[in-house]
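In what follows, a structure is listed as structure tokens, so that the remarks can point back to it.
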Amino acid sequence: MTGANPSSASPQHGLTNRLTRWARNLSGKAEDEPVAAERPRRGTAANREVDRRRQLYEDIGDFLFAHDLDLTPINFSIALDYLTGANVGVEKAIRAVLMERGKITNSWVETVAAEQRADEVTPESLAAMLDKVEENLSQFTGLMHESRNSAKDYGAALQEQAKDLAAGQDSEPVLAKLVGLTRSMVEKTRQVESQLRENQKQTQALKSSLETARRAAEHDHLTGLPNRRAFEGVLREELVLAQEKSEALSVAFCDIDHFKAINDTHGHDTGDRVLKFVAGLLAKASNDRCHVARHGGEEFVMLFRGKTAAETCEAVDHVRADLAGRSLVNRTNGERMSRVSFSAGVSNVLAYEDPRAALKAADRALYLAKEHGRNRVYLAAETD
């Protein structure tokens with residue numbers, strides 16, 4: 001491979017070089033493409049995989065050039081997520097902006113990428129916390145070892161003085177030694193107790209930091225609901241339970257209608273209050289068999305174990321009707337707002353081989369609901 005020496009180039013610079021080289025060779029033969037004699041035989045699985053990857057590279061290149069996006073790792077990653085459906089949040093965000101503006105920009109991609117990482121705890125912060133845990137454990141172990149040795153030495157000294165008393169030696173020097181040993185032991189005990197109290201304070205502070213980190217990693221700071229990361233973990237757990245107990249499992253995507261218009265008309269503060277209000281209505285259904293999360297933006301996801309897809313449609317539609325029937329007021333100026341509603345798509349998780357396919361089916365049903373007038377709940381066809 002030509003170019004800079006890998007040992008002197010940064011990983012990001014190397015990836016950018018590869019992106020540039022891929023884009024330059026999309027319509028021609030790649031620099032590292034094997035010669036005809038080395039290619040897999042036509043029709044083999046390996047050959048189909050090569051063709052699939054080549055087509056994906058072309059699709060990504062076409063996407064980047066169509067929107068005049070720079071050849072950066074972030075843009076490439078976002079394009080990959082969108083074209084492969086690997087990230088439902090990215091796919092939905094791009095689809096929405098394309099419907100609204102017809103094109104995306106470098107700055108918009110950076111914003112989306114930042115939102116996708118907003119709830120993540122950085123590796124650096126976790127590493128620092130774990131280092132502190134290790135340090136506190138080491139200190140605690142050292143204090144326990146020191147205390148045990150002090151007690152052992154004190155016991156041995158007392159035993160020695162007891163022998164002297166038993167031998168009939170003058171009691172005054174022996175008692176003076178015992179008093180000295182006791183004072184020394186008391187002082188060491190006080191030191192250990194003081195260090196243990198300090199260690200306990202640090203441990204409590206660390207525990208609080210770890211709890212904050214855990215909540216940041218699994219909860220949405222605006223609505224208080226679990227976020228997409230937490231939902232994906234719940235989905236895996238609930239799928240296992242549903243299969244073990246032969247229970248139904250259904251998922252619903254709910255998306256607030258015309259949310260951009262709410263922000264543009266009433267401001268982002270009011271938009272945030274609408275998000276929290278809708279989140280509260282959806283959360284009323286939440287229990288150990290129904291899980292509600294904010295999936296990103298103005299979209300929420302609900303997972304029902306023990307309800308069929310049709311029953312889930314009814315439950316979600318009940319919340320939809322409740323919201324649509326309310327008359328909300330802009331708290332800032334007292335103006336009555338236009339009707340706030342949401343559209344939803346529901347799918348039967350167990351009707352698909354992969355839960356991700358069920359999520360995509362529910363998302364497609366949601367967009368059909370949007371296209372057919374909004375403020376409605378659609379059920380995905382299990383053959384979709």
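Bear in mind that the values in this text are calculations on the coordinates, not laboratory data. What you see is a predicted model; the values in this text were computed from it and never measured. Neighbour counts run over all protein chains shown; Cβ positions are idealised from the backbone, glycine included.
What is the magnitude of the charge dipole of segment 228-379 about its Cα centre, with +1 placed on the Cβ of each Lys and Arg, -1 on the Cβ of each Asp and Glu, and no other charges, expressed in debye to the nearest 20?
That gives segment 228-379 a dipole magnitude of about 340 debye.
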Quick one: if you stick a label point 7 Å off each Cα along the C-beta vector at Val240 and Asn333, how many nm between them? 5.3
Using the basic label-point model (7 angstrom from Cα toward the beta carbon), what is the Leu56 to Asn106 distance in nanometres? 2.6
Sorted peptide list for 49-58, 257-266, criterion being average Cβ within 10 angstrom, highest first: 257-266, 49-58
Evaluate the distance, in nm, between pseudo-label points positioned 7 Å from the Cα of Phe277 and of Asp317 along their respective Cα→Cβ axes. 2.4
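Based on the alpha-carbon set only, what is the convex hull volume of segment 228-379 divided per residue, in Å³?
Cα convex hull per residue, to the nearest whole number: 98 Å³.
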Across segment 228-379, how many lysine pairs, 8 or more positions apart or on different chains, have C-alpha atoms separated by under 30 Å? Please give the number. 17
³J(HN,Hα) computed for each position of segment 352-358 - Karplus, 6.51 cos²θ - 1.76 cosθ + 1.60, integer Hz, glycine/proline x: 10, 5, 10, x, 4, 5, 5
The distance between the Cα centres of segment 271-313 and segment 72-116, in whole Å, is 24
Length gained if Lys260 through Glu382 is fully extended, taking 0.36 nm per residue and subtracting the Cα-Cα distance, is 40.8 nm
Which peptide among 311-319, 294-302, 346-354 comes first, and what is the full order, when sorted by highest mean count of other Cβ atoms within 10 Å? 294-302, 346-354, 311-319
In nanometres, the difference between 0.36 nm per residue of separation and the alpha-carbon distance of Thr182 and Asp70 is 32.8 nm
